[in-house]
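Student: Just dropping this structure here.
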Amino acid sequence: MWLIGIGMFFDGFDIYVAATVLGATLKSGFSTMHQNAEFISVTFVGMMLGAFLTGFLGDRYGRRFTYQANLAIFGLASIAAAFAPSMLILILLRFVMGVGLGAENVVGYATMTEFVPPQTRGKWLGWISVFVVSGSPVTALLGRLIIPHFGWRIMFILGGLGAMVVWYLRKALPESPRWLESVGRTEEADAILRAVELETSLHHTPPPPAAAPPVAHSRGLSSLLSPVLLPRMIVGATTLIVVNTLVFGFVTWLPTFFVQQGRSIVSSLGYSLVISLGAPLGSALGALTADSWGRKPSIIGASVLSIAIGAVYPFIKDPTTLQVVGFLLMIPIYVLVTLLFAVYIPELFPTEVRMRASGICNTFGRGATILTPFIVVSLFRSYGVGGVVGFLIGLLFVQIFVVLLFGVEPRKRRLEEIEPGVPASG
């Protein structure tokens, strides 16, 4: 958990660095609003490509290979971004970073999903998400402390160097035994499990082996269109479109909104820091409620809360109240981030196609938000923050409907029990 989680913390750091860096590049004249939108959009293009490719690579070559490759990609590209001579070069390097960032989100959660027991799977995966979203307040804090004095470039150096340190430490992580078994490498899978049993038997009595799954799942892409998996693909794609738009159509734009409303870069970063503190709290709540309340009730409840608080946010003028309500809005948004990115989507698919299915769902989520920055700029210029929030509320209603109609409840069920009817051919 620590090695995957810390690697994903730097993934989150590099994702959220846009929120602090773009406000500074805009204020200094290094970029324009349109270039900032391009920066965010190419991030999604890269993340979309990374999520798609890592799904196929992870199912073909293993989880370990893919999570090391993508960490190196975004770490090295982040360091290079610190030396970009122009906004155009920075945008191009951001695309490369995006490839690694999109891959890390898919493979990190999928790998952890395959290691943890069903009774506490939501908690463990939720804590991984806490690592990721902790990148938001940490980035905001460092941005407030560093950017006014040393400029924005050092933010990329910090994220890149951190990623490369974790890349070295993660070389010792084992491969997923579930994946090894799915490709016929049963002796290697058994050796890892024996080592796990030896370690845990010092403190606990291992449970008896679980029965083999009744159906051999297909490795073919056509299985994703089966009557069992297609509704799950619809849920996965829809919910990730919504949650990506919440984060990258609202959260990452907060400093830019504040600057455009006439506040200084220092006060804008300060507001963003206070509001962003709701992110790890929301993720922690998602981790604590996923196993006790269940996935579907938590997703629907957090969606309703986001709608209720979001409907009030645009009408607040007082700076202190704005920060408080913004902080409260972050909590249900990041409950959704944890439940959807970390817990729910990887659970929905069998090991043989888990990363491809998760990667394709993430591809839809990232791909749909390529246009989001331009929609946000247009809505903000025409209607202010209220136009942006209204757009997001509409998406949340769609999410509630889809989860109610097609969602399944994986709470405390073994991964092999969630898809009992997947056909063996495809």
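The values are calculated or read from the model by the stated rules, or taken from the named source; none is laboratory data. This is a predicted model, so every value here is computed, not measured. When we count neighbours, we look across all protein chains shown, and the Cβ atoms used for this are built from the backbone with ideal geometry, even at glycine. Please note that ligands, DNA and RNA were not included when accessible areas were found on the heavy atoms of the full protein model with its side chains. Shrake-Rupley method; radii C 1.70, N 1.55, O 1.52, S 1.80 Å.
Student: For region 298-315, check the following and say yes or no: at least one residue is of a type in the set (Val, Ile, Thr), assigned to a helix (DSSP H, G or I) and modelled with pLDDT under 85.
Tutor: Yes, region 298-315 has at least one match.
Student: Among the candidates Leu57, Leu71, Leu53, single out the residue that is within 15 Å of the chain's Cα centre (by Cα), within 12 Å of Ala103 (Cα to Cα) and at pLDDT 85 or above.
Tutor: When all the criteria are applied, what remains is Leu71.
Student: Identify, by number, the condition in (1) out of contact with any Phe, Trp or Tyr (no Cβ under 6 Å at 6 or more places or on another chain); (2) at pLDDT 80 or above that Arg414 doesn't meet.
Tutor: Going through the list (1) out of contact with any Phe, Trp or Tyr (no Cβ under 6 Å at 6 or more places or on another chain); (2) at pLDDT 80 or above, Arg414 breaks only (2).
Student: Name the residues in region 368-391 that are closer than 23 Å to Gly46 by Cα and crowded, with 20+ Cβ neighbours inside 10 Å, would you?
Tutor: Within region 368-391, Thr369, Thr372, Pro373, Val376 qualify.
Student: Does Gly126 satisfy the criteria of being of a type outside the set (Phe, Trp, Tyr), open to solvent by less than 30 Å² (accessible area, probe 1.4 Å) and in contact with a Gly (Cβ under 8 Å, 6 or more places away or on another chain)?
Tutor: So Gly126 fits the description; yes.
Student: Search region 55-78 for residues being small (Gly, Ala, Ser), out of contact with any Leu (no Cβ under 7 Å at 6 or more places or on another chain) and assigned to a helix (DSSP H, G or I), and hand back the single one that is nearest to Asn105 (Cα to Cα).
Tutor: Here the answer is Gly55.
Student: With respect to Phe364, is the statement that it is surrounded by fewer than 19 Cβ atoms within 10 Å (Cβ to Cβ) and touching a residue at least 60 places away in the same chain (Cβ under 8 Å) true?
Tutor: No.
Student: Against the definition (more than 30 Å from Val389 (Cβ to Cβ), in a helix (DSSP H, G or I), open to solvent by less than 20 Å² (accessible area, probe 1.4 Å) and at pLDDT 85 or above), how does Ala189 come out, yes or no? First the steps, then the outcome.
Tutor: On the way: more than 30 Å from Val389 (Cβ to Cβ): yes; in a helix (DSSP H, G or I): yes; open to solvent by less than 20 Å² (accessible area, probe 1.4 Å): yes; at pLDDT 85 or above: yes.
Considered against the rule, which asks whether it is more than 30 Å from Val389 (Cβ to Cβ), in a helix (DSSP H, G or I), open to solvent by less than 20 Å² (accessible area, probe 1.4 Å) and at pLDDT 85 or above, Ala189 comes out as yes.
Student: Go through the residues of region 153-175 one by one and say whether even a single one is acidic (Asp, Glu) and in a helix (DSSP H, G or I).
Tutor: Checked against the condition, which is being acidic (Asp, Glu) and in a helix (DSSP H, G or I), region 153-175 yields no hits at all.
Student: Restricting the search to region 329-361, which residues are hydroxyl-bearing (Ser, Thr, Tyr) and either more than 25 Å from Leu288 (Cβ to Cβ) or open to solvent by 10 Å² or more (accessible area, probe 1.4 Å) (or both)?
Tutor: Thr351
Student: While we're looking at this one, here's another question. Of (1) in contact with a helix residue (DSSP H, G or I) (Cβ under 8 Å, 6 or more places away or on another chain); (2) surrounded by fewer than 21 Cβ atoms within 10 Å (Cβ to Cβ), Arg60 satisfies all except one. Which?
Tutor: If we test Arg60 against (1) in contact with a helix residue (DSSP H, G or I) (Cβ under 8 Å, 6 or more places away or on another chain); (2) surrounded by fewer than 21 Cβ atoms within 10 Å (Cβ to Cβ), just (1) comes out false.
Student: Which residue pairs have Cβ atoms closer than 9 Å, lie 6 or more positions apart in sequence or on different chains, and pair a first residue in region 310-325 that is over 11 Å from Ile275 (Cα atoms) with a second residue that is open to solvent by 30 Å² or more (accessible area, probe 1.4 Å) and not in a helix (DSSP H, G or I)?
Tutor: The qualifying pairs are Pro319/Arg263.
Student: Of everything in region 79-99 that's assigned to a helix (DSSP H, G or I), of a type in the set (Gly, Ala, Ser) and under 16 Å from Ile157 (Cβ atoms), which residue is nearest to the chain's Cα centre (by Cα)?
Tutor: Ala81
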